[in-house]
Amino acid sequence: MQSLSRARRHARRCAWMLAAIALLGGVFPDAASAHPFGDPQQIEVSGEGDHGVRIRWRVGGSDDLTLLGVSLGVLPEDRVLLDGAVTYQSSDARALAGAPEFAGYLAERITVSQSGRPCDGAVDVADDLTSGGAELRFTCAAPVGTVTVTSRMLTDLHQAYRTLARGPDGQKAVYDATHESADWHLGAGSGPASPRSTTATPTEQSARQLLAVGGVMLAAVAAGILWYRRRRREA
């Protein structure tokens, strides 16, 4: 009976420790999935002439370019290690900038429409994607007043990716996997309203994640102290 009781106590201690490890593992993402929680992407929306819309996109982190390049087949798969870590090289940005797959990806993931009708777009990618980003120019059928800009950049790689967007007169929006479109007022007489996102900003998301991590770590420490005290009493 005594040996059985000890075995049960040992099983309970192991269960405590395994639960703490599982909780920590759920909070801390692996290297590949950690990228969406870094610096967000950015886009700038502006009008250009009577019928034009110009959008400039900039990546959040250089390793996101590597991850995208591997996904598009432009870069070799060994840029992403077995543990999910991404090995960025300066040549990755240049390779992606010159690849037609990347231009096609931009044209598919960032679009502009006017009263439900798509505007024709063209892509211009800077030689240095990490600093210059890429520019898209759209031509709409009617003079530009209010247009709808859709951005789905990188959300096919991970749904946590976000894009901070800004436009004329202080207009702002946050794009993510569930908020892909926003209206932008670029022309005279289009009204004073500006798009506002109801989603949490990346800073708020990071704060919530830190609070969650802190809570789990406190729980793990408490479990460890309880296990240590029980062991001393048994000794």
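Counting pairs of Cα atoms in the range 81-137, how many percent are more than 15 Å apart?
Counting every Cα pair in the range 81-137, those more than 15 Å apart make up 57 percent.
Which value in Å is the Kirkwood Rh of the range 39-199 over different Cα pairs?
Every distinct Cα pair counted, the radius reaches 16.2 Å.
Return the sequence-ordered ³J(HN,Hα) values of the range 158-164 in whole Hz as given by the Karplus equation 6.51 cos²θ - 1.76 cosθ + 1.60 applied to θ = phi - 60°, using x for Gly and Pro.
Values, residue by residue: 7, 6, 7, 4, 10, 10, 8 Hz.
With a 10 Å Cβ neighbour count serving as the proxy for reagent exposure, in which order, fewest first, do Thr87, Thr163, Thr155 appear?
Fewest to most other Cβ atoms nearby, the residues stand as Thr87, Thr155, Thr163.
Readers should treat all values here as calculations from the given coordinates under stated rules, not as data from a laboratory. These numbers come from a predicted model, not from an experiment. Cβ: placed from backbone, ideal geometry, glycine included. Neighbour counts: every protein chain shown.
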